[in-house]
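The structure appears right after this line, and notes come after that.
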Amino acid sequence: MNQTQKDTKLEDARLEPRHTAAERYAAHQQDIGALLDLIGEELRAHAEAAATKPSDWSAVGDLSHIRDALKDILVFVHRHDWSEVETSSFIEDHLEAMREPGKESRDPRQNSPSTRDHRPAP
């Protein structure tokens, strides 16, 4: 097979969908679930290592970076028609509410507590 035939075969493979959108979506959902599980495992190992060096701020920096990356992902997948700033504000408020019992998450566009449960679906 010459290079032109190989290029044509590659192009045909790109043009012919091997899976439906629904199949690829489901596969990506599974991948994301597995990645989240792996993140949890790595964070547990990170916490164990950090516990052996309680005055080492580098572990705090690691978690700050991970937190920011996860927040960026959440801003990207958020289901509301809020701006990025509104979504980011909601996330920060929600995190604060989770740390303080009795405090509710607020819709950043309103002055009243949000009545919707914003925890991710299982």
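Show me the ranking of peptides 52-64, 89-101 by mean Cβ neighbours inside 10 Å, starting with the highest. Intermediate results must be reported in sequence, preceding the final value.
Details: 52-64: 10.1, 89-101: 14.0.
Those peptides, ordered most packed to least, come out 89-101, 52-64.
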Problem - Ordering of 68-80, 27-39 by packing [mean C-beta count within 10 Å, highest first] - result: 68-80, 27-39
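Bear in mind that the values in this text are calculations on the coordinates, not laboratory data. The shown structure was predicted, so the numbers you read here are calculated from the model rather than taken from an experiment. All Cβ positions, even for glycine, are placed from backbone atoms using ideal geometry, and neighbour counts span all protein chains on display.
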